[in-house]
Every structure is written in structure tokens, then in C-alpha cells.
1. Measure up Lys214/Lys442; Lys75/Lys108; Lys313/Lys442; Lys20/Lys75; Lys313/Lys363 against 24 Å on the Cα-Cα distance and list the ones that go over.
2. Which FRET efficiency, nearest 0.05, do Leu82 and Leu126 yield, Cβ-Cβ r, R0 56 Å?
3. Regarding the range 285-408, what's the average projected area of the Cα-atom convex hull, expressed in nm²?
4. Less than 21 Å apart at the alpha-carbon level, and either on another chain or at least 8 residues along: which lysines does that give for Lys157?
5. Mind ranking Lys411, Lys177 by accessible surface for me, highest first, 1.4 Å probe?
6. Sorting check: for 274-282, 369-377, which peptide has the highest mean count of neighbouring beta carbons within 10 Å, and how do the rest follow?
7. Mind checking which lysines have their Cα closer than 23 Å to the Cα of Lys189? Skip sequence neighbours fewer than 8 apart in that chain.
8. Could you look at the range 348-443 and say what percent of its accessible area is carbon and sulfur, using a 1.4 Å probe and all protein chains?
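The values are calculated or read from the model by the stated rules, or taken from the named source; none is laboratory data. Given the structure is predicted, the values throughout are model-derived calculations rather than measurements. Heads up, the Cβs are rebuilt from the backbone with ideal geometry, glycines too, and the neighbour counts pull from every protein chain shown. The accessibility values were calculated without ligands, DNA or RNA, using every heavy atom of the protein model including side chains. Shrake-Rupley method; radii C 1.70, N 1.55, O 1.52, S 1.80 Å.
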Amino acid sequence: MADGLRRLVGAESGRVLQEKLESWYRDYELNSCDQNLNRCCEIIELNSEIQGQLFTILNETSREGGHYAGVETIKTRLLPWLGTCFSCATSGRLFETNLSLTQDSIEKERQLRELASNQTFQLQELQEELTSTRLQLNHVQQDLAKTQLALEDTKTKSATTLLAAEDEIVQLKAALKTSRAQEKDALRKLDRLNDYEQQIEILRDEISILDAQKSVLQNRLARSRSPSPRHSESKSPSPLPLRSCSPGRARRTNASRRAYLVARFGDIYAQERLDAETLLRTYINDMEMVQRIIYIAAVESFHAAKMAYRQFKIRVRETLSLGHSGPESLEDTVLDYIVRHEDLYDVQASVNEVICSMNINPKISFPPETDFIVISTLIRELCRVAFSMQTLAPPLDIAFGTDGELFSETKYHRSFHSDFTAALVAYHVWPALMENDVVIVKGEAVTKRGALWSHRSRSRSRSRSRSRSTSPLLSHHLSRSRSPSPLRSGSPRH
């Protein structure tokens with residue numbers, strides 16, 4: 001068979017037949033009737049030669065398969081085709097119909113075989129499950145048989161005293177009933193295991209929130225009891241105390257800490273900011289200057305807290321890298337340590353840096369008889385929140401804003417005394433809170449016409465008129481590292 005098929009392929013009769021058909025199709029309109037008939041006869045003769053060779057290969061192939069091989073194929077495909085070849089003018093259509101029916105029958109048989117195989121596979125799975133269930137049933141029956149053997153043994157040993165035997169039988173039956181009840185209870189508990197795990201996760205999140213609230217309350221209580229507004233300053237960083245730290249705390253509590261810090265940022269805007277405004281109005285009559293001071297205090301607080309966080313992280317990494325070991329990476333361990341020991345953050349140093357930066361800022365001014373220390377409570381709370389926001393993944397930060405920029409509805413609310421037709425920001429009241437360049441809490445800004453020109457004229461006048469450096473009160477405050485400031489003796493302490 002293989003030799004005959006190779007000869008048929010080598011003869012290239014099929015290619016010659018295709019070429020003759022294409023040539024006849026191209027020249028059909030140009031040929032005469034006799035020429036077209038001659039071409040058709042040539043193609044029929046060549047086709048008959050190919051059919052003769054194919055029938056020879058068919059005969060050899062059926063002979064190689066044995067006596068009964070190929071009978072089904074000959075019955076379903078060859079014989080219907082031979083029957084339709086010798087029919088009348090509609091034989092071509094009947095052949096196509098029979099061929100289509102045959103193909104549909106073959107497709108249905110294939111689908112039936114696939115369905116049977118799927119059912120066989122499902123039956124095997126059911127049999128495996130049934131086998132597993134039977135094994136479990138056998139174990140239970142074995143346990144029951146052991147219990148029954150123990151019961152029979154007890155009956156045999158206590159046969160001399162009928163009353164004692166009956167008591168023991170009752171006890172054993174009660175024990176058997178109890179064991180069965182315990183088994184059912186264990187199965188119910190196993191079914192509720194997933195629900196318990198979800199409840200445990202919810203409880204863990206609640207505990208994290210309660211821990212955060214507890215730390216805030218403890219810090220407030222410590223600040224209210226302490227008469228000193230600041231920690232002692234040190235040039236060289238003290239070694240970090242190695243306290244116990246639960247691994248994975250930072251990632252596990254990230255969502256709850258983020259929600260708490262965002263809410264705390266809003267509370268500072270609603271409470272501490274207004275308190276600072278009220279306090280500053282006793283020294284400054286210009287409401288615009290008061291709001292500028294508070295906004296710059298917020299910006300400088302975030303900057304100082306971020307710098308302190310980077311330095312603190314470097315110190316923690318250097319300390320923990322000496323003896324780090326375990327499944328977690330060093331970065332995760334460092335972050336967990338910082339989250340657990342945020343109380344080691346020297347917030348007073350950041351407050352001092354913010355006040356110094358505000359003191360030399362050309363956009364704001366302050367009466368010489370007092371100083372920015374009067375709003376240290378607001379600065380302290382902003383530094384704490386900004387430091388904690390750096391421990392989140394991803395960290396939170398405030399939006400960058402400049403006077404005279406185009407007002408953005410997605411970043412700011414207009415202040416009530418703004419010009420709502422103006423497109424430029426005259427000055428900012430409160431920064432927007434960002435996460436990966438996406439605004440999650442809007443800030444507040446004042447829009448006025450001619451904001452850019454008025455901002456430049458104000459800056460030039462302030463730069464010419466402002467000649468003071470650090471005020472005597474601030475110098476006195478910075479020089480006394482351990483004595484309480486008279487203006488801030490009642491302010492909270494870290």
C-alpha cells in the first residue's frame with residue numbers, strides 16, 4: 001500500500017489534473033465546442049487513472065487490515081458513494097446529501113463517544129468517592145466493633161453480678177452516645193471553620209484599630225500629665241531598644257492604620273486647624289496671613305516628618321541587619337519594627353525644624369513680640385500623622401501647591417470667601433492628601449482674580465520689609481533644651 005501511495009504522489013497526477021482544470025477554465029470562453037469537449041475528456045481520463053490507482057490502494061489497505069477490518073468504513077462511506085455515482089441527473093445532489101448525513105452521523109457518534117467517556121470519568125470519580133466513603137465507614141465500623149467487643153468483654157467479666165453488669169452496660173451506652181454526639185459536634189465545628197477564620201480576621205482588624213486608638217489615648221494622657229513641652233535634644237542618636245515585635249504586623253494592619261490616619265488628618269483639619277486660627281487671630285488681624293501660616297506649617301510638618309522617618313529607618317535597618325534571620329525580608333522586619341515603636345520618633349525635634357523653617361519663610365510674617373511656637377500643638381499633631389503615613393504601603397503625602405496655579409476641582413474645595421469665577425489660586429488654606437498621585441482627601445484653596453500679580457507684589461513687599469531673623473522668644477526656647485517654654489507650658493507633649 002505504501003509503495004502504491006508513494007507512486008501516486010510521485011506521479012503528480014493530482015497536480016496535473018488541477019493544472020488542466022485551471023487551463024480549461026481560463027480558455028473556456030475562447031475554445032470551440034470540440035476543444036472544450038476534448039479538454040473534458042482528457043480530464044475524465046486523467047481522473048479515471050487517479051481513481052483506478054486509489055481503488056488499488058483501497059484494496060491493498062483493506063487487505064492489510066485483515067478479513068473484517070474496514071467493513072464499517074466501506075459500508076458507511078464507499079457503498080453509498082458508489083450507489084449515487086450511477087443514479088440519474090440528481091445523483092450529485094443525493095451524494096452530497098448522503099455525504100452530509102454520513103458526516104452528521106459520524107459527528108454524532110463522536111459526540112456520543114465523548115459523552116460516554118465523560119460519563120465514564122464521572123463514574124470513576126463517584127466510585128472513588130464511594131470507595132473513600134466506604135473506607136471511612138469501615139473505620140467507623142471498626143471503632144464500633146471495638147466498642148462492642150469491649151462491651152461484650154465487660155458483660156462476660158461481670159456475669160456473676162447482674163446488677164453491676166447492667167450498670168456498666170448503661171454507662172457504656174451513654175459513653176457511646178456521648179462519643180457519637182461529640183463526633184457530630186466535631187463535624188459541625190469543621191463545617192464552621194471557614195466562618196471562624198473570617199471572624200478571626202475581622203477581630204484582628206478591630207484589635208489593630210483599638211491598639212491604634214489606645215496608643216493615641218495614651219499619648220494624649222502622657223502629654224496632659226507632663227509639664228515639659230519637649231524632649232531633651234541629643235547630637236548623637238541613642239541606640240534603639242530591641243522590643244518584641246510580631247512579624248507581619250505592618251502588612252496585616254495596613255488597611256486599618258490607613259483608615260485611621262485618613263480620619264485623623266480630617267480631624268486635624270476640622271479641630272486643631274480651627275483652634276490654631278483662633279489663636280493666631282489674637283496676634284494677627286489679616287485672615288489671609290493666618291491661613292497662609294497654617295498651610296505652610298502643614299507643608300513643613302510633612303517635610304520634616306518625612307526626613308525624620310528616613311533617618312529613623314536607616315538607624316533601624318543598621319541595627320536589625322546585624323542579627324536578622326527568619327522567613328521575612330529585612331525591609332519587612334524594619335517596617336514592622338517602626339510600626340510597633342512609633343513612640344521612639346522624636347517629634348519635638350521635627351517641631352523645632354518646622355518652626356525654624358517657618359521663621360525664615362518670605363511668604364509669611366509674624367509680630368516680633370511672639371513666635372510660631374504658639375501653634376506648636378497643630379505642628380506636633382501634623383508631624384505625628386505625617387510620620388505614621390510614611391509606614392503605609394503605599395505611603396500617603398500631601399499635594400504640591402503654588403500660589404497662582406490653575407485651580408483644580410479634583411484637588412481642592414474653594415473657600416467660602418473665594419471668587420468663584422476666578423481660575424487661579426490666590427493662596428492655599430489646607431493641602432490635599434494624595435496616594436500614588438491620586439487625591440483621597442481634598443484640600444482647600446482661595447481663588448481670586450489677579451492672583452498671580454497680587455502674589456508677586458506681596459512677595460516683593462514682604463522681602464523688602466522683613467528684616468528680623470529668629471525672634472528672642474524662639475532663641476530662648478531653642479537654647480533651653482530641658483526647661484518648659486512659658487508660651488507652651490500647657491501644650492501636649494510627645
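1. In this structure, Lys214/Lys442; Lys313/Lys442; Lys20/Lys75; Lys313/Lys363 lie more than 24 Å apart at Cα.
2. Working from the Cβ atoms, E equals 0.75.
3. Values: hull surface 38.7 nm².
Mean projected area for the range 285-408: 9.7 nm², to one decimal.
4. The reachable lysines, counting only those whose Cα sits under 21 Å from Lys157, are Lys146, Lys173.
5. So the residues, ranked largest to smallest area, are Lys177, Lys411.
6. 369-377, 274-282
7. Lys189 reaches Lys177.
8. Here it works out to 61 percent.
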